[in-house]
Amino acid sequence: MDIDLIINFKEGLLDNLEKVIIGKTEVLELMIIGLICNGHILIEDVPGTGKTMLAKSLAISLGSEFKRIQFTPDMLPSDITGVSIYNQVTNNFEYRPGPIMAQIVLADEINRATPKTQSALLEAMEERQVTVDGITHRLPVAFMVLATQNPIEYEGTFPLPEAQLDRFLMRVRIGYPSIISEMDILQSQQYHHPIESLKPMTSIKILRQIQEEIKKVYVSDPIKRYIVNIINETRDYDDIYLGASPRGSLSLYRVSQAYAALKARDFVTPDDIKAIAIPVLSHRIILQAAAKLKEINSMQVINEIMDRAVVPGKTN
């Protein structure tokens with residue numbers, strides 16, 4: 001396992017992203033983890049916190065193709081996947097690709113589209129392909145969806161279905177910057193936006209290599225049991241109506257490998273699982289109505305489950 005390659009990739013990409021997104025190192029590290037796990041990220045936050053700039057910066061840093069889809073209630077599935085148009089010259093139907101045919105796709109305000117339109121992303125996110133008029137089209141290598149939604153504005157929105165939420169590797173929140181960071185933002189944008197001078201620092205080829213490297217991170221049987229026990233606890237917890245799926249187990253497993261690798265280790269520890277449990281699992285559970293009345297949120301529930309879970313190797 002090439003630890004130096006992974007660390008150099010992380011530090012180079014992090015340094016590039018921090019030129020645009022200031023004071024949010026932990027969030028950026030989660031984005032990098034999502035990238036090297038070949039997963040999709042749901043960014044849930046209020047407007048103006050840098051969600052769109054983060055997606056653009058990531059695409060520029062990788063030298064990859066970037067497309068932005070602004071979701072609206074009148075959008076159709078074909079507006080995402082593309083359409084087949086009849087060519088009178090060749091007497092054939094030709095596929096005109098939609099904006100989903102890119103490497104980094106920003107699905108902006110995804111919850112403003114109808115469930116029918118949202119479902120157009122399901123095949124793309126899981127199988128890396130779209131089917132139009134019965135013909136399957138493969139998506140580009142290193143395809144990644146970064147979806148955004150406003151967690152406090154519900155008028156004119158459609159909640160994401162459970163099947164789609166489960167396809168997001170992680171849910172992250174950027175949050176407001178600190179006072180010092182916000183002053184740095186003002187200073188950095190006095191004359192121009194930092195993204196205007198951002199340059200690629202790596203390539204898709206190196207990213208693909210790292211995606212294979214993190215699979216070599218060792219996960220012991222007790223750690224695997226720890227992961228499965230946590231997932232099973234979400235299915236038996238009183239305040240949870242619907243627990244995490246087996247896809248949640250796989251996500252927790254893969255993200256823990258990437259997290260350990262970014263910490264320059266070739267093995268996973270229980271602390272790695274604890275560090276990434278909330279972003280990986282909090283959007284995969286549905287709480288009971290009674291829990292919502294008690295103002296209990298999914299992050300609190302995941303924290304309590306982690307406190308109750310038996311840690312491998314821990315002695316009384």
Find all pairs meeting these conditions: Cβ atoms under 7 angstrom apart; at least six residues apart or on different chains; first residue within the stretch 246-263 and assigned by TED's automatic domain parsing to the domain that holds residue 276; second residue of a type in the set (Asp, Glu) and part of a helix (DSSP H, G or I). 256/272; 259/272; 260/272; 262/29
Those residues of the stretch 244-262 which are out of contact with any helix residue (DSSP H, G or I) (no Cβ under 7 Å at 6 or more places or on another chain), within 14 Å of residue 219 (Cβ to Cβ) and surrounded by fewer than 21 Cβ atoms within 10 Å (Cβ to Cβ), in sequence order: 250
Every residue in the stretch 183-223 that is of a type in the set (D, E, K, R) and without any contact (Cβ under 8 Å) to a residue 60 or more places away in the chain, please. 196, 205, 212, 215, 221
Of everything in the stretch 229-238, what is of a type outside the set (A, V, I, L, M), in a helix (DSSP H, G or I) and in contact (Cβ under 8 Å) with a residue 24 or more places away in the chain? Give them in sequence order. 229, 233, 234
Among 241, 226, the single one that is of a type in the set (Phe, Trp, Tyr), in contact (Cβ under 8 Å) with a residue 40 or more places away in the chain, assigned to a helix (DSSP H, G or I) and touching a helix residue (DSSP H, G or I) at 6+ places or on another chain (Cβ under 9 Å) is 226
Output yes when any residue across the stretch 20-37 is under 15 Å from the mean Cα position of the chain (by Cα), within 17 Å of residue 149 (Cβ to Cβ) and of a type in the set (Gly, Ala, Ser), and no when none is. yes
Go through the residues of the stretch 187-205 one by one and say whether even a single one is under 18 Å from residue 52 (Cβ atoms) and among the aliphatic types (A, V, I, L, M). yes
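May I ask you to verify whether residue 131 is in a strand (DSSP E or B), under 23 Å from residue 99 (Cβ atoms), among the β-branched types (Val, Ile, Thr) and in contact with a strand residue (DSSP E or B) (Cβ under 6 Å, 6 or more places away or on another chain)?
So residue 131 fails the test.
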So which residues in the stretch 79-94 are surrounded by 15 or more Cβ atoms within 10 Å (Cβ to Cβ) and either charged (D, E, K, R) or out of contact with any Pro (no Cβ under 7 Å at 6 or more places or on another chain) (or both), if there are any at all? 79, 81, 83, 84
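The values are calculated or read from the model by the stated rules, or taken from the named source; none is laboratory data. A quick note: this is a predicted structure, and the numbers were derived from the prediction, not measured. Here the Cβ is made from the backbone with ideal geometry for all residues, glycine too, and neighbour counts use every protein chain on show.
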